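For reference, the structure is listed below as structure tokens.
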Amino acid sequence: MKTNHVLVILGSPRKKGNSAILAQQISQGAISEKAEVETIYLHGKNIAPCKACMTCQKKGSKGCSIDDDMQEIYAKLIKADAWVIASPVYWFTMSAQTKIFMDRCFALPAYHHDPFRGKRIAVAMSYGDEDAVRSGCINALRTFQDAYRFTRSSLVGMVYGSAMDAGEIRLNEKLMQDAYNLGKMLAAK
Ligand SMILES: Cc1cc2nc3c(=O)[nH]c(=O)nc-3n(C[C@H](O)[C@H](O)[C@H](O)COP(=O)(O)O)c2cc1C
């Protein structure tokens, strides 16, 4: 069976930044396997942080009580066969935009029974330091691993590399190829 619909979540304010470029490579790999790709740029959306009202956790809940752009994203997340989460490292972990998105996904089960289970997921990250551990990237990678193990999703792979200026990541040809290959893997079960 093929993964038909891939939803890309961009967590950097830099639309053409390094993590977005990695996500684009993943998308190209998925498209080569005939997947359809839709991209969401979180920074351009109105998405408030979770306020812990627990409305979404109540029996019979109809979803998150916050009426903002996350409402349309819930529907897209459920519909997609696979997600690509792309984020820069900010202060030794994922960007705030990405973290707010992750927190708001707490409400996803109120919209659909078991929405995470079996979802195919790829992660793309970039950081300024030369080292993945020293940069703090490892903290975010570990968070994604723990989160998607908890939700019984299928974390297909993670690509990450060092680059400070927007676009610099393209110089890392092996990483570009790895990202493309991850996209192919994401789409071809
Ligand atoms: C607010 C801010 C915080 C950052 N914190 C870190 C950090 O903790 N570790 C690191 O290695 N790089 C850090 N960086 C550098 C970015 O991770 C790096 O430039 C990355 O490639 C940006 O990805 P993007 O182009 O997708 O936005 C930081 C950059 C900014 C703007």
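Packing, as the average of other Cβ atoms within 10 Å across residues, places the peptides 96-106, 44-54, 82-92, 177-187 in the order 82-92, 177-187, 96-106, 44-54, highest first.
Across the stretch 80-124, the residues whose backbone nitrogen lies under 15 Å from the label position 7 Å along the beta-carbon direction of Lys62 are 110-112.
For the stretch 43-138, the number of Lys pairs with C-alpha atoms closer than 24 Å, counting only pairs eight or more positions apart or on separate chains, is 25. Normalising the average separation of contacting C-alpha pairs (under 8 angstrom, six or more residues apart) by the number of residues puts the relative contact order of the chain at 32 percent. The Cα-based radius of gyration and maximum Cα-Cα distance (Dmax) for the stretch 5-187 are 15.7, 51 Å. The convex hull drawn around the Cα atoms of the stretch 101-155, when projected onto a plane and averaged over every direction, covers 4.1 nm². Residues whose amide H comes within less than 5 Å of that of Ser154, counting only those at least five positions distant or on another chain, are Gly118, Lys119, Arg120, Ile121 (H built at 1.01 Å from N in the peptide plane). Adding -39500 (n - 2.57) for every DSSP H run of four residues or longer, then dividing by how many residues the chain holds, sets the calculated 222 nm ellipticity at -11000 deg cm²/dmol. Extending 7 Å from Cα along the Cβ direction at Lys16 and again at Ala48 yields two label points whose distance is 3.5 nm.
Modelled this way, with points 7 Å down the Cα-to-C-beta line, the labels at Trp91 and Arg117 are 3.7 nm from one another.
Computed across the stretch 74-175, the Kirkwood radius stands at 14.3 Å (inverse of mean 1/r, all Cα pairs).
Between Asn4 and Asp146, the C-beta separation translates, for a Förster distance of 22 Å, into a calculated FRET efficiency of about 0.20.
Read-outs: derived from the displayed coordinates by stated rules, not from any lab. Just so it is clear, the structure is predicted and the values come from calculations on it, not from any experiment. Please note: Cβ atoms are built from the backbone with ideal geometry, for glycine as well, and neighbour counts cover all protein chains shown.
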